[in-house]
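Data first, discussion second: the structure below is written as structure tokens.
The values are calculated or read from the model by the stated rules, or taken from the named source; none is laboratory data. Note that this is a predicted model, so its numbers are computed, not measured. No Cβ is skipped: glycine too gets one built from the backbone with ideal geometry, and neighbour counts run over all protein chains shown.
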Amino acid sequence: KRVAIAAGDCLVWQGFASVVIPGFIINRICTFTGIALKKGTQLGGPVRHWTTTIIGLMFIPFIIKPIDHSVEIGMDKTIRKLYPI
């Protein structure tokens, strides 16, 4: 039973900290960067696209720890209170 709880906890944590939240944040960064570049520069389509992609990738190292920490706190205050440990 403890193994199942640990596996479920890990699955939920990884799902949020590694997939859902980073994917959403990077998507928003790329969307807003693309809009800003389209309105504020004369960059052509392919250059604008690659610039947007590079900026999105550059943000990854800066968002990892805050996301991990936030998911940890969020799970401690919600779902982990339900575990019969």
Legend entry - Looking only at region 1-54, and only at residues there that are in contact with a Gly (Cβ under 6 Å, 6 or more places away or on another chain) and among the hydrophobic types (A, V, I, L, M, F, W, C), the one that is nearest to residue 82 (Cα to Cα): 26
Inset, instruction - Could you tell me whether region 61-84 includes any residue that is out of contact with any Ser or Thr (no Cβ under 6 Å at 6 or more places or on another chain), modelled with pLDDT under 95 and aromatic (Phe, Trp, Tyr)? - result: yes
Inset, instruction - Kindly state which helices (runs of 4 or more DSSP H) lie completely within the chain and contain at least 2 residues that are touching a Cys at 6+ places or on another chain (Cβ under 7 Å). - result: 45-77
Inset, instruction - Those residues that are of a type in the set (Lys, Arg) and more than 30 Å from residue 5 (Cα to Cα), I need them from region 25-84; list them, please. - result: 28, 38, 39, 48
Inset, instruction - Identify the residue in region 21-52 that is surrounded by 14 or more Cβ atoms within 10 Å (Cβ to Cβ) and not hydrophobic (A, V, I, L, M, F, W, C) and, among all such residues, is farthest from residue 75 (Cα to Cα). - result: 48
Legend entry - Selected residue [β-branched (Val, Ile, Thr) and in contact (Cβ under 8 Å) with a residue 12 or more places away in the chain] from 35, 54, 5: 5
Legend entry - Subset of region 8-32 (residues that are of a type in the set (Asp, Glu) and without any contact (Cβ under 8 Å) to a residue 40 or more places away in the chain): none
